1. Could you look through segment 90-111, keep only residues that are more than 22 Å from residue 37 (Cβ to Cβ) and modelled with pLDDT of 80 or more, and pick out the one that is nearest to the chain's Cα centre (by Cα)?
2. Within segment 25-35, is even one residue surrounded by 18 or more Cβ atoms within 10 Å (Cβ to Cβ) and in a helix (DSSP H, G or I)?
3. Would you check which residues across segment 2-24 are touching a strand residue (DSSP E or B) at 6+ places or on another chain (Cβ under 9 Å), surrounded by fewer than 15 Cβ atoms within 10 Å (Cβ to Cβ) and either on the phi > 0 side of the Ramachandran plot or part of a loop (DSSP other than H, G, I, E, B) (or both) and list them?
4. As an exercise: evaluate residue 56 against (1) out of contact with any helix residue (DSSP H, G or I) (no Cβ under 7 Å at 6 or more places or on another chain); (2) closer than 17 Å to residue 16 by Cβ; (3) surrounded by 16 or more Cβ atoms within 10 Å (Cβ to Cβ); (4) modelled with pLDDT of 90 or more and give the number of the one condition it does not meet.
5. Consider residue 38 carefully, then state whether it is in contact (Cβ under 8 Å) with a residue 40 or more places away in the chain, touching a helix residue (DSSP H, G or I) at 6+ places or on another chain (Cβ under 9 Å), farther than 14 Å from residue 21 by Cα and assigned to a strand (DSSP E or B).
């Protein structure tokens, strides 16, 4: 989960080749792990883990690895490991959750 250079984005996600770059607003200590709604240019993601020493972020990476059908090593925390505001890079996701798939389809129709 090493860092790479952050990308400034006007949407909550962008593609960098086959890498999905995702702006996240994390919510630790939630009742359940869940991908939520958009808030500005961030996607709300809730996790059950407590925000102690980056453990909530680590839990989020494991949760998202399952959601995107990738290995945890395919997800990089660009920034925000100890903060609710994060940017993640997900290498070659094999599955896109509905919120991202719908927006991606809409963006491709506009091109």
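1. Here the answer is 91.
2. No, that holds for no residue.
3. To start, the set of residues in segment 2-24 that are touching a strand residue (DSSP E or B) at 6+ places or on another chain (Cβ under 9 Å) comprises 2-7, 9, 11-16, 18-24.
With the extra rule that they be surrounded by fewer than 15 Cβ atoms within 10 Å (Cβ to Cβ), the set shrinks to 2-7, 9, 11, 15-16, 18.
Those that are touching a strand residue (DSSP E or B) at 6+ places or on another chain (Cβ under 9 Å), surrounded by fewer than 15 Cβ atoms within 10 Å (Cβ to Cβ) and either on the phi > 0 side of the Ramachandran plot or part of a loop (DSSP other than H, G, I, E, B) (or both): 2, 3, 4, 5, 6, 7, 9, 11, 18.
4. (2)
5. On the way: in contact (Cβ under 8 Å) with a residue 40 or more places away in the chain: yes; touching a helix residue (DSSP H, G or I) at 6+ places or on another chain (Cβ under 9 Å): yes; farther than 14 Å from residue 21 by Cα: yes; assigned to a strand (DSSP E or B): yes.
In short, yes.
The values are calculated or read from the model by the stated rules, or taken from the named source; none is laboratory data. Quick caveat, the model's predicted, so the values are computed rather than measured. Cβ: placed from backbone, ideal geometry, glycine included. Neighbour counts: every protein chain shown.
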